[in-house]
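What follows is a set of notes on a single structure, which appears directly below.
The values are calculated or read from the model by the stated rules, or taken from the named source; none is laboratory data. Since the structure is predicted, the reported quantities are computational estimates derived from the model, not experimental observations. Here the Cβ is made from the backbone with ideal geometry for all residues, glycine too, and neighbour counts use every protein chain on show.
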Amino acid sequence: MANTKDICVKILQEFGLNPDNGRIINGHIPVKTLQGESPMRADGLRFVIDGGFSKPYQEKTGIAGYTLIYNSHGIQLVEHESFESREQAIMSGSDIHNRTLLQDFSAHRMLVGDTDQGAVLKEQVRDLEKLLNAYEQGTVL
């Protein structure tokens, strides 16, 4: 079962990801908080989330779903309460139930250079520097 840490580690490794900072995200899976379910599984390696704004799901889940926020500061999971209207939610701020910090990047904020695309860009810079060096030495015109 994919809710075990061992299985999630194997899945992440199969995709060439480091289990120390890789995560598996499953969307469109209602989390039944009324029955004690948590969106965090396998010791935090797997997140099971659903937007959950659909009224029929709210009766089963007890909430209006989750939003996963991933940015250079960290990863947060936001749990939403059900609400009657957009206007009411905006005025009362009632659509946000709580925020859970899953991973904090404050010790080393995630930058473009830390990403897979950053590695590609760094390689392109090295190639351009080699080309410039060859041009300056006259080996390439």
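Observations, loosely collected:
- Meets criteria (within 26 Å of GLY16 (Cβ to Cβ) and either in contact with a helix residue (DSSP H, G or I) (Cβ under 6 Å, 6 or more places away or on another chain) or of a type in the set (S, T, N, Q) (or both)) for GLN88: no
- Qualifying position, being out of contact with any Asp or Glu (no Cβ under 9 Å at 6 or more places or on another chain) and either in contact (Cβ under 8 Å) with a residue 40 or more places away in the chain or charged (D, E, K, R) (or both), among LEU111, LEU102: LEU102
- Picking from residues in segment 38-56 that are modelled with pLDDT of 80 or more and in a helix (DSSP H, G or I), the one that is nearest to ARG99 (Cα to Cα) is GLY44.
- The set of residues in segment 112-141 being in contact with a helix residue (DSSP H, G or I) (Cβ under 7 Å, 6 or more places away or on another chain) and assigned to a loop (DSSP other than H, G, I, E, B) consists of VAL140 alone.
- Scope segment 1-45; condition under 24 Å from THR115 (Cβ atoms), over 14 Å from the mean Cα position of the chain (by Cα) and touching a residue at least 40 places away in the same chain (Cβ under 8 Å); matching residues: ALA42
- Considered as a group, the residues in segment 57-99 that are touching a strand residue (DSSP E or B) at 6+ places or on another chain (Cβ under 7 Å) and not in a strand (DSSP E or B) include one that is surrounded by the fewest Cβ atoms within 10 Å (Cβ to Cβ), and that residue is GLU81.
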